[in-house]
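Notes follow the structure.
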Amino acid sequence: MTNEKKTISLLEKYNTPVPRYTSYPPANYFTGGFGAADYAQAIRDSNALSPGHLSFYIHIPFCRHLCHYCGCNSFPAMKPADVDRYVSALHTEMDTVIRMIDPTRQIAQIHYGGGSPTFLPVAVLKEMNDHLLSAFTCIDRPEIAIECHPGYLDESYWIALAEAGFNRFSIGVQDIREEVLKAVNRRPSLLDMETICRILRTSGGGINMDFLYGLPFQTRNSFAHTIEQAITWQPDRLVTFSYAHVPWVNKQQLLLEKSGLPASEEKSGMFRDAEALLLAAGYRSVGLDHFVRPEDELFLALEQKKLRRNFQGYCTGRTTGQVYAFGATGISQLHGVYAQNAKGISDYIERIEAGSMATVKGYRLNYEEYITKEVIETLMCNYTIDWEELSERLSLPIDTIMGATAYNEKALRTFADDGIITLTEKQISVTPKGKLFVRNVAASLDKLMMQTDKTFSKPV
């Protein structure tokens, strides 16, 4: 059987809905029994827990136009007065949280996501940076990152953004073909990418480019051409996200079905072709979907089996911090605790203006779940579980760690027989061809998946 046919056979067997595991447990397990008082106590407790560094996430939910594929918490542009109220609420929430954090702790990350953070004027973004940076010192080379929609940004905006303190720019390219962008209601870049890259490189900022595969009118050939073009722009990091079709989250995605979505075999081929092109161009594969330069600290962390991740993406031990989120639907990730804000913009603003926190749900991991979180995050980030290393890191016997998970040797043997993992007494290691199905392997270790009514996307 050819490698192509083997991959198709594995797709037929394993392309079933499983969690993405950007958190453990996934956000659809959060409950309404966790409120503002619980989050406030968790913030105070976090000062004595690890990691000690601070990571801040600011959610800007506004978009000039909503892309049909988006599964994020995004809203059409509001009246300027309402946007101003939202920004004011962000500053108020920052003040509330800052008061509860030990001022000697240091900032490792600030990340703006959305929506489209670049919907806001740069001066407004800079004020939020300054608010946080004036309250704490930073580690050496903190990461101050922002997601950018290039469809509306002129040269003066990019220059101002680079001058506002940002040092990593994630540019949402998605695809370069007008037919694809039109089908998903996304505006193409206002400036050519060469100009954008020149401006950002002059500032010394890191350039990420995000691409999405599995959209209407994409083919293996067309997506390969997109990646070939992207390689000529030489971004520091290039991300190939698999489009997650979850119309129960965003009904707008149903519009894409009318245009037609690529079959799973075609979609997996897009990733394999992109991966081959990027590796041939000198990039290195990191995690599920990232490709970086060999000297990138993410790749160096992966080689040392020390890569981590949070809701904002992959990070190293140097930049890992407990995450404190601001804004509508923001999710804070503290030591063993998740806290999520109200989803609606008006609900969020009203809670903050009333003098409360905006927390509406969350999750506190129990002892076994915290262990499982460490196991699954290790596998998802580093493609390897070394039981002895985990035992040393967690200061727990291997039997205790395995017992906290749904470890089942028979189930793992099936993955091994299919060439998805190699399995020994000491390790589980995902093979190169098994990377597409690492979520399936992680799910097999998850006791919560033994009986669940939750809904998830497919790996491919």
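The values are calculated or read from the model by the stated rules, or taken from the named source; none is laboratory data. Quick caveat: nothing in here was measured; it's all calculated off a predicted structure. Glycine gets a Cβ as well: all are built from the backbone with ideal geometry, and neighbour counts include every protein chain shown. The area values use the complete protein model at the heavy-atom level, side chains included, leaving out ligands, DNA and RNA. Shrake-Rupley method; radii C 1.70, N 1.55, O 1.52, S 1.80 Å.
Cβ separations smaller than 6 Å between residues 6+ apart or across chains give no pair from the stretch 376-395 residues that are farther than 23 Å from H290 by Cβ and open to solvent by 40 Å² or more (accessible area, probe 1.4 Å) to residues that are acidic (D, E) and in a strand (DSSP E or B).
Of all the residues in the stretch 218-230, those that are buried (at least 19 other Cβ atoms within 10 Å of the Cβ) and not hydroxyl-bearing (S, T, Y) number 5.
Okay, residues lined up against (1) hydrophobic (A, V, I, L, M, F, W, C); (2) in a loop (DSSP other than H, G, I, E, B); (3) surrounded by 14 or more Cβ atoms within 10 Å (Cβ to Cβ):
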| site | (1), (2), (3) |
| --- | --- |
| R439 | no, no, yes |
| T452 | no, yes, yes |
| T455 | no, yes, no |
| K458 | no, yes, yes |
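Pairs meeting the criteria (first residue in the stretch 32-51 and within 11 Å of H335 (Cα to Cα), second residue hydroxyl-bearing (S, T, Y) and open to solvent by 10 Å² or more (accessible area, probe 1.4 Å), beta carbons under 6 Å, at least 6 apart or on different chains) are P51/T320.
Pull up the stretch 85-116, narrow it to residues that are part of a helix (DSSP H, G or I) and of a type in the set (A, V, I, L, M, F, W, C), then point me to the one that is nearest to I43 (Cα to Cα). Selected residue: V97. Cβ separations smaller than 6 Å between residues 6+ apart or across chains give the following pairs from the stretch 402-428 residues that are touching a residue at least 24 places away in the same chain (Cβ under 8 Å) and within 22 Å of E392 (Cα to Cα) to residues that are hydroxyl-bearing (S, T, Y) and not in a loop (DSSP other than H, G, I, E, B): A404/T372; T405/T372. Across the stretch 287-340, the qualifying residues are those that are assigned to a strand (DSSP E or B) and of a type in the set (V, I, T), and the one among them that is nearest to M380 (Cα to Cα) is V292.
Against the conditions (1) in contact (Cβ under 8 Å) with a residue 60 or more places away in the chain; (2) open to solvent by less than 50 Å² (accessible area, probe 1.4 Å), H91 satisfies every one except (1).
Cβ-Cβ contacts under 7 Å between residues 6 or more apart (or on different chains), taken from a first residue in the stretch 264-278 that is in contact (Cβ under 8 Å) with a residue 40 or more places away in the chain to a second residue that is charged (D, E, K, R) and open to solvent by 50 Å² or more (accessible area, probe 1.4 Å), are listed as E266/R220; G269/R220; M270/R220; D273/R220; L277/E228.
Can you tell me how many residues in the stretch 399-434 are assigned to a helix (DSSP H, G or I), touching a strand residue (DSSP E or B) at 6+ places or on another chain (Cβ under 7 Å) and open to solvent by 70 Å² or more (accessible area, probe 1.4 Å)? Walk me through how you get there before you give the answer.
Taking the stretch 399-434 and keeping what is assigned to a helix (DSSP H, G or I), we get 399-404, 409-417, 432-434.
Among the residues that remain, those that are also touching a strand residue (DSSP E or B) at 6+ places or on another chain (Cβ under 7 Å) are: 412-413, 415-416, 434.
If we keep only those that are open to solvent by 70 Å² or more (accessible area, probe 1.4 Å) too, we end up with 413.
Residues in the stretch 399-434 being assigned to a helix (DSSP H, G or I), touching a strand residue (DSSP E or B) at 6+ places or on another chain (Cβ under 7 Å) and open to solvent by 70 Å² or more (accessible area, probe 1.4 Å): 1 in total.
Those residues that are assigned to a helix (DSSP H, G or I) and basic (K, R), I need them from the stretch 8-22; list them, please. The one that is assigned to a helix (DSSP H, G or I) and basic (K, R): K13. Once the stretch 242-251 is narrowed to residues that are open to solvent by 70 Å² or more (accessible area, probe 1.4 Å) and of a type outside the set (V, I, T), the residue that is farthest from the chain's Cα centre (by Cα) is K251. Restricting the stretch 268-286 to residues that are part of a helix (DSSP H, G or I) and open to solvent by less than 20 Å² (accessible area, probe 1.4 Å), the residue that is nearest to A301 (Cα to Cα) is L278. All conditions but one from (1) under 30 Å from P142 (Cβ atoms); (2) of a type in the set (V, I, T); (3) surrounded by fewer than 19 Cβ atoms within 10 Å (Cβ to Cβ) apply to I207; the one that does not is (3). R64 meets the conditions (1) out of contact with any helix residue (DSSP H, G or I) (no Cβ under 8 Å at 6 or more places or on another chain); (2) open to solvent by 30 Å² or more (accessible area, probe 1.4 Å) in every case but one. The failed one is (1). What do you reckon, is T96 open to solvent by 60 Å² or more (accessible area, probe 1.4 Å) and out of contact with any Cys (no Cβ under 7 Å at 6 or more places or on another chain)? No: the conditions fail for T96.
Can you go through M380, M402 and tell me which one is under 18 Å from S23 (Cα atoms), out of contact with any Pro (no Cβ under 8 Å at 6 or more places or on another chain) and aliphatic (A, V, I, L, M)? Matching residue, one of M380, M402: M380.
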